[in-house]
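Structure record follows, encoded as structure tokens.
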Amino acid sequence: MNAGKNLRMAVLTLASALLAVPATLNAQVAAGAAAGHAPADLLEKNWGFVDKYCGNCHNSTDWAGGLAFDTMEKGDIAPDAKVWEEAVRRLRGSLMPPPGEPQPDAAARKSFIGTLETSLEAAAVANPNPGSVVLHRLNRPEYANSMKELLDLEIDAEQLLPRDDQSAGFNNIADVLKISPSFLEQYLSAARQVSIEALGNPKARTQSTVYPGSAAALQYMHHEGLPLGTRGGVSIEHWFPADGDYEVTVSGLVGGGYVWGVMDPFQLIVTVDGNRVFQAQVGGEEDLRAIDVDQAIGMGKIDDRFRNIKVKVPAGRHRIGVTYKQKTAAEQNEILHSWVPVAGMSQMVNGNSGGPRITNVEIKGPLQVAGLSDTPSRRRLLVCQPKSAAEESPCAKQILGTLARRAFRRPVTDADLAGAMAFYDAGRKSGSFEDGIQKGVLAILASPKFLYRSHTPPADAKPGQIFRLNDLDLATRLSFFLWSGPPDDTLIDLAAAGKLQDPAVYTVQVRRMLADPRARSLATNFAGQWLNIGGLDLVNPDTNLFPDYTEDLVPAFKEELYEFVWSIFGEDRSVVDLLTADWTFLNERLAMHYGIRGVRGGEFRKVAVADSARRGLLGKGAVLMATSYANRTSPVVRGAYILEHLMGTPPTAPPPGVEQFPESEEGAEQLTVRHRLEQHRNTKSCNACHGVIDPVGLAMENFNALGQWRMKDIDAGAGIDANGKLADGTPVDGVNALRDYMVSRPDLFVQTFTENLLTYALGRPASYYDMPLVRRLVRDAAADRYRFSNLVMGIVTSPAFLTDRTPSDKDGALVTDAHKVAQASKQQGP
């Protein structure tokens, strides 16, 4: 308790220093440089380590890896700080010297790492570099969250906007968020669609939208979002432009040839926002006879039963459910066969399946418009209603001004609104008041002031000068870090009043934002990308080898991971709990997959984990499947993943032309993956990397490609051997031992976590000059067991977050142009 209190006091003190005016900040840095730097000859005094363990390869004769230590300055570490930071990383991970070469003992390695870190941190204090972030475009999640904040509108940004590029593992890195003419066209189209959707469209024409189902989806248990008492089905969020009559068509329920979907009677239900609007039977004796006797004609008659289902729906976004009434799984007349979790309802089993499927759902309309109801987006947007023609223009200015303030993330002037009001006037001239508002909203959402954010340097700033972010830019940076979206009115008001310079106010706001549900984006956006959960979508398991797989596992794996990570972040626990926590979040499907009993239903809930192998990230199906191939596990991929994403010591990429890993050949002797890797490591050049990677991945071999526990390699018919020796000589005999090793060195994991969190927070890759800051944050957080909020507070009160550097000439024309655009956008309308 006292440690936590002391740390909070330290954070507040640190915030006071860093949030002061620039002159104070510069004085603080100068004082640190004078008082805390290492002796200039510290590296030189310890150069014997380099000669003994590095110089034989990395010299001006061999130039191994393009590096020669004998050409570098011994008395000044600053000119080669980038090289030395990489040396620290590799020494910490025991990547260098490589396996098979003479190794320093643990004490010598630790001592030299300390020498390098002390010297590098002194150099960083003497030459501060907060980095620079240029023009920063909104990415898909940020755009979607902005629409929710501005218009209370849920949108599918993946459908509206082009895919975002990634850098350093994240999609919010400013340097790669470029825009091209084709991108611009899509952003304009998105602004038009969103502006229409926000207000509704009483003149909407009849349109049809088809939503695909899945022949491989689970249909035998309840799906979250659908009414209780149902099983399977699909849940669709659809935008209805106006009140009126619509039609729903459900297709692909049954099949002929190998007859499926008609063995037993099932009740199909259609719901709108959870309320049943249609129910009819599919399957049973009559449908079986129709398909058996009439074939295609019979199938057509069954499909007609579920075609053009009439529903009345008010304007706005509504959830359409198509599902089946729950019934006992015992009501099957299918022949007995080997257990498959979807038998009788989803996948074909021996050419036979007893349950219907849902191939696609079509929503058509409006067939007849009945009006335009009030919707959340209309209530958020229309802050006034004109009662006469004279009130229209002032009301339009109030509506668009309120929206622009939130969209531009700062108070707005008449000049800011000039473009939007011009669009309003044009729309009003050719249509109604709301037509004009729609055009004005379009102009705001297409404005560079909304789509981009930047850090505005002082007018007299010189190239390369460090400057403090103004309060409005700081509020924006803070909200896009913690919420992946724009600042709310509270934060904008405080920033506009210049109150974020007060460290007490700033600290209160950070903690308020962390407690807000919008901070959950740190689990879905930050952690999802840090842990590369998108890799799940690239794996398509072979169902002949893994019959337990259905594509429903992928969203279940993701949801488990997001809920688990948020349980750590949201409860402000130690980030080391990400490795050790003895709980997870499961629904019935995922519990069955893991072999955990007592979990029923489609809803995810917190579940205690009795099996220690399942604890923390190393036991999560999302991590295990994303690091596997379609037909087998990959200790190499898993080992490299853990080294890079969890231990911060990514292995060297394989050289070009490297020999491919030998796969099993049909008819030949079936060897375990471990045995094939051992053959691969016999080559010295291969062992240099695989000697580091393979022991880590092999410790995870008891998990198959779907993350299920196993004791035997099904290809070779041999038992799993998860024993190995890590690069530093530590023996491990499975996932528990590997986790214990990582927990015994928490600074490695926490430093990796912090480096990634800093990258995400800044919107640029953490560079070598950021590593002294990362190490300081980790040391400071250790006093309170690496609590999540302490790491966040350390980042948002750091010079890297609070300041920026004016681009210098060497930064290129792109940076200069970006700042010109930022300056111009403050003077021009949309």
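Annotations
- Filtered residue count, the stretch 419-436, keeping only those that are part of a helix (DSSP H, G or I), within 18 Å of A191 (Cβ to Cβ) and not acidic (D, E): 9
- When D502 is tested against (1) open to solvent by less than 20 Å² (accessible area, probe 1.4 Å); (2) at negative phi, just one condition goes unmet, and that condition is (1).
- Any chance M221 is on the phi < 0 side of the Ramachandran plot, over 36 Å from the mean Cα position of the chain (by Cα) and in a loop (DSSP other than H, G, I, E, B): no
- Scanning the stretch 253-274 for residues that are open to solvent by less than 20 Å² (accessible area, probe 1.4 Å) and within 37 Å of the chain's Cα centre (by Cα), we see that the one that is farthest from M299 (Cα to Cα) is V272.
- Assessment of the stretch 742-759 against the conditions (surrounded by fewer than 19 Cβ atoms within 10 Å (Cβ to Cβ), touching an Asp or Glu at 6+ places or on another chain (Cβ under 9 Å) and not in a loop (DSSP other than H, G, I, E, B)) yields no matching residue.
- Assessment of the stretch 382-391 against the conditions (among the aliphatic types (A, V, I, L, M) and either closer than 21 Å to A191 by Cα or touching a Pro at 6+ places or on another chain (Cβ under 6 Å) (or both)) yields at least one matching residue.
- Scope the stretch 275-297; condition on the phi > 0 side of the Ramachandran plot and either in a strand (DSSP E or B) or loosely packed, with under 12 Cβ neighbours inside 10 Å (or both); matching residues: none
- Residues in the stretch 621-631 include none that are under 17 Å from G734 (Cα atoms), at pLDDT below 95, in contact with a Phe, Trp or Tyr (Cβ under 9 Å, 6 or more places away or on another chain) and open to solvent by 10 Å² or more (accessible area, probe 1.4 Å).
- Under the condition of being hydroxyl-bearing (S, T, Y) and in a helix (DSSP H, G or I), the residues counted in the stretch 378-418 number 2.
- Considering the stretch 450-543, the qualifying helices (runs of 4 or more DSSP H), each wholly inside and each with 2 or more residues that are without any contact (Cβ under 8 Å) to a residue 24 or more places away in the chain and either within 27 Å of G621 (Cα to Cα) or of a type outside the set (S, T, N, Q) (or both), run over 489-496, 503-515.
- Scanning the stretch 570-599 for residues that are under 30 Å from R779 (Cα atoms), of a type in the set (A, V, I, L, M, F, W, C), open to solvent by 10 Å² or more (accessible area, probe 1.4 Å) and touching a helix residue (DSSP H, G or I) at 6+ places or on another chain (Cβ under 6 Å) yields a count of 1.
- Only listed residue being surrounded by 21 or more Cβ atoms within 10 Å (Cβ to Cβ) and over 30 Å from N201 (Cβ atoms), chosen from L514, L478, L445, L417: L478
- The combined condition, being without any contact (Cβ under 8 Å) to a residue 60 or more places away in the chain, open to solvent by 20 Å² or more (accessible area, probe 1.4 Å) and hydroxyl-bearing (S, T, Y), is fulfilled by S60.
- Within the stretch 451-506, the set of residues being of a type in the set (V, I, T) and more than 25 Å from the chain's Cα centre (by Cα) comprises T456, I466, T490, I492, V505.
- Flag if S612 is surrounded by fewer than 17 Cβ atoms within 10 Å (Cβ to Cβ) and either under 21 Å from the mean Cα position of the chain (by Cα) or among the hydroxyl-bearing types (S, T, Y) (or both): yes
- G169, sole failed condition from (1) without any contact (Cβ under 8 Å) to a residue 24 or more places away in the chain; (2) over 27 Å from T456 (Cβ atoms): (1)
- Total residues in the stretch 703-723, condition at negative phi and either surrounded by 19 or more Cβ atoms within 10 Å (Cβ to Cβ) or without any contact (Cβ under 8 Å) to a residue 40 or more places away in the chain (or both): 12
The values are calculated or read from the model by the stated rules, or taken from the named source; none is laboratory data. Bear in mind that the values here come from a model prediction, so they are computed numbers and not experimental data. Neighbour counts run over all protein chains shown; Cβ positions are idealised from the backbone, glycine included. Heads up: the accessible areas ignore ligands, DNA and RNA and are worked out on the full protein's heavy atoms, side chains in. Shrake-Rupley method; radii C 1.70, N 1.55, O 1.52, S 1.80 Å.
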